[in-house]
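Here the structure comes first, spelled out in structure tokens, and everything after it is commentary.
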């Protein structure tokens, strides 16, 4: 009788419905641009929220120490191009050099979601990020308003090849050229991604013979570098200044009026949406690249204390 009971039990357990089987845990690797910017802490917070909500994701977070270390990103991507990885979320530091490693990853069966900054080619499975060209135009619109449609403007970029920041600069230039012929862009330079190089190059710019009425900085590091340079040369509040992204240091600049505006993205939503997109892509046949655009908001001294604005600014 006992023997018969054991045989029946084995048969039931061995053929039980898939309804009772545990769902597969997905292994997803998130490769940000760097670990030295507060922006990526917001992104990671959003990604972790998606992981908690899903309940079936093992998320590995690993990126370069600094924003311009393209080779480090390539090495990390190659390291995780292996059988046990289901999906990779990548914020490419270089739109061209990351294309081939991404192609190799997708050919091995890994789904790749690109976040924040665009990538050349169509090997990836989706994109989540800001419409950076439109964000650049929004920055220019505010600059035109502040300068009453006339003056000399400088653009401070970081490194060549970063799609997101270059698109912001291109959108800024396009808007100025098409709407405000009396505003001249007299300086447009890639001044490096380290704080030291950005501060040093901006100080040189401020001490040059150029007459500068406004400055547009394309990301968090560039904006902080320019603000530090303005403060060290005693030029803050003398030059209209629009920047990108938000840190405590930059928000202090908005409070004091040294920064006229910050274009702030929604990095938390970016992280959340990218993980959800990766989960959706896993197990599906390749399809056309799916795009999700997250928003951008202009922060000024006038709206800084708005409750909806404050939600975007705290990790």
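Each value in this text was obtained by applying a stated rule to the coordinates, not by laboratory testing. Note that the coordinates shown come from a computational prediction; the quantities given were computed from them, not determined experimentally. Every residue, glycine among them, receives a Cβ derived from its backbone with ideal geometry; neighbour counts consider all protein chains shown.
General observations
- Approximating the spin labels as points 7 Å out from Cα along Cα→Cβ, the residue 210-to-residue 25 distance works out to 5.3 nm.
- Max mean-square fluctuation residue, GNM over the chain, Cα-Cα springs under 10 Å, options 137, 284, 41: 284
- Between 0 and 90°, nearest 10: helix 39-54 axis offset from the chain longest Cα axis: 20
- Beta bridges per DSSP with both ends in the chain, % antiparallel, nearest 5: 10
- Shown for 188, 266, 68: other C-beta atoms within 10 Å of each C-beta, ranked fewest to most, produce the order 188, 266, 68.
- Across 175, 80, 187, mean-square fluctuation computed from a Gaussian network of the chain (C-alpha pairs under 10 Å connected) peaks at 187.
- FRET efficiency, residue 60 to residue 104 (Cβ-Cβ, R0 25 Å, nearest 0.05): 0.85
- Between residue 84 and residue 145, the modelled label-to-label distance comes to 5.3 nm, taking each label 7 Å out from Cα in the direction of the beta carbon.
- Computed over all pairs of different Cα atoms, the Kirkwood value for the hydrodynamic radius of the chain is 21.0 Å.
- Degrees separating the helix 163-179 axis from the principal Cα axis of the chain, which is the longest one: 40
- Using the average count of surrounding beta-carbon atoms within 10 Å as a protection proxy, the listed peptides 198-207, 126-135 rank, highest first, as 126-135, 198-207.
- GNM result for the chain, Cα springs below 10 Å: residue of 280, 170, 220 fluctuating most strongly: 280
- By the count of other C-beta atoms within 10 Å, a proxy for reagent exposure, 224, 99, 84 are ordered fewest to most as 84, 99, 224.
- Cα gyration tensor shape for the stretch 222-315, rounded if a/c is under 1.5, else prolate or oblate: prolate
- Between 0 and 90 degrees, the angle of helix 132-147 with respect to the longest Cα principal axis of the chain falls at about 20 degrees.
- Approximate shape of the stretch 188-259 as ellipsoid semi-axes (Cα gyration tensor, √5λ), whole Å, largest first: 17, 15, 10
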